[in-house]
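Working notes, beginning with the structure itself.
The values are calculated or read from the model by the stated rules, or taken from the named source; none is laboratory data. Because the structure is predicted, anything quoted here is derived from the model rather than measured. Because the Cβ atoms are built from the backbone with ideal geometry, glycine has one as well, and the counts that use them run over all protein chains shown. Areas reflect the complete protein model, heavy atoms only, side chains present, ligands, DNA and RNA absent. Shrake-Rupley method; radii C 1.70, N 1.55, O 1.52, S 1.80 Å.
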Amino acid sequence: EPQQGRKILSMKEAVGVCGFVTPWNFPNAMLARKVAPALAAGCTCVIKPAPETPLSTLALCQIMEEAGLTIPGVVNVVTSDRSTKDVGLALTSDDRVRKISFTGSTQVGKLLLQQSANTVKKVSMELGGDAPFIVFGEDTTSLKEAIDGLMVAKFRNSGQTCVAANRIYVQSNIYDEFADLLTNRVQTSLKVGRYDEPNVNIGPLINRKAVAKVHAFVQDAKNNG
């Protein structure tokens, strides 16, 4: 409750140097989400982009410099094909870095959290999930609307998103109809190929490891009916 003769002050200050570790699947969007608020708050940045997509980060930082948004030393990029945990250790162990923001796997996120604890850094983690897609409905129209949403949730960016639907739960009495509608939509609306080819909406995966992973999922589904 109010007390006479006392004041409460709230001071808003820049955190300091921020270390950003970004993923490959949305390199420009992930970078913009992290860098823009940091610059607005008066913080400098050290960015470690994914080794699969370093050019997007370098190009965006060059654009920022050419536009006069930054001066040398404000936004810095460290490219490396070494593992995130190795490069992350350089950021998390440096006392000059006051905040770590990471988007990626839960496993690496846990490691960065542990490393950041030694210097008591502020941390923001956007880690991997296992997003379900749940379907209820009583008519074909609502099922088609659900499929519209599922096609985006599952196949956007060739399925390479951290929020892609990995499990689909369907109300039991509409399961068969939903499965038939979904099968038809997948077979008739998805075209695999290069993105510079006409009407292609499923492009290449990021690397051979990703191809092998998807292949294993397909084989598992076949083997288990």
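Does R208 fit the bill of being of a type outside the set (V, I, T), out of contact with any strand residue (DSSP E or B) (no Cβ under 8 Å at 6 or more places or on another chain) and either farther than 20 Å from T53 by Cα or open to solvent by 50 Å² or more (accessible area, probe 1.4 Å) (or both)? Criteria met by R208. Being assigned to a strand (DSSP E or B), surrounded by 14 or more Cβ atoms within 10 Å (Cβ to Cβ) and among the hydroxyl-bearing types (S, T, Y) is a property that holds for S101. Of all residues in the stretch 53-98, those satisfying the criterion of being more than 22 Å from G16 (Cβ to Cβ), part of a loop (DSSP other than H, G, I, E, B) and of a type in the set (S, T, Y) are T53, T79, S80, S83.
Within the stretch 70-98, residues that are closer than 18 Å to K122 by Cα reach partners that are of a type in the set (D, E, K, R) and open to solvent by 50 Å² or more (accessible area, probe 1.4 Å) with beta carbons closer than 7 Å, at six or more positions or on different chains, in the pairs R98/K122. Within the stretch 145-166, residues that are within 19 Å of V200 (Cα to Cα) reach partners that are small (G, A, S) with beta carbons closer than 6 Å, at six or more positions or on different chains, in the pairs A153/A165; K154/A164; K154/A165; S158/G203.
Take the conditions without any contact (Cβ under 8 Å) to a residue 24 or more places away in the chain and buried (at least 17 other Cβ atoms within 10 Å of the Cβ) and apply them to G109. Does it pass?
Values: without any contact (Cβ under 8 Å) to a residue 24 or more places away in the chain: yes; buried (at least 17 other Cβ atoms within 10 Å of the Cβ): yes.
Yes.
The number of residues in the stretch 168-178 being surrounded by 13 or more Cβ atoms within 10 Å (Cβ to Cβ) and outside any helix (DSSP H, G or I) comes to 3.
Could you list all residues from the stretch 140-167 that are open to solvent by less than 80 Å² (accessible area, probe 1.4 Å) and not in a helix (DSSP H, G or I)? Within the stretch 140-167, Q160, T161, C162, A164, A165 qualify. The set of residues in the stretch 179-209 being more than 20 Å from A146 (Cα to Cα), without any contact (Cβ under 8 Å) to a residue 40 or more places away in the chain and not in a helix (DSSP H, G or I) consists of K191, V192, G193, R194, Y195, D196, E197, P198, N199, V200.
Could you check, for the stretch 116-132, whether at least one of its residues is of a type in the set (V, I, T), within 27 Å of K48 (Cβ to Cβ) and in contact (Cβ under 8 Å) with a residue 60 or more places away in the chain? Among the residues of the stretch 116-132, not one is of a type in the set (V, I, T), within 27 Å of K48 (Cβ to Cβ) and in contact (Cβ under 8 Å) with a residue 60 or more places away in the chain, which makes the answer no.
Residue by residue, here is whether (1) polar (S, T, N, Q); (2) touching a strand residue (DSSP E or B) at 6+ places or on another chain (Cβ under 6 Å) holds:
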| residue | (1), (2) |
| --- | --- |
| V17 | no, yes |
| G42 | no, no |
| I47 | no, yes |
| L55 | no, no |
| I63 | no, no |
| G73 | no, no |
| N76 | yes, yes |
| D81 | no, no |
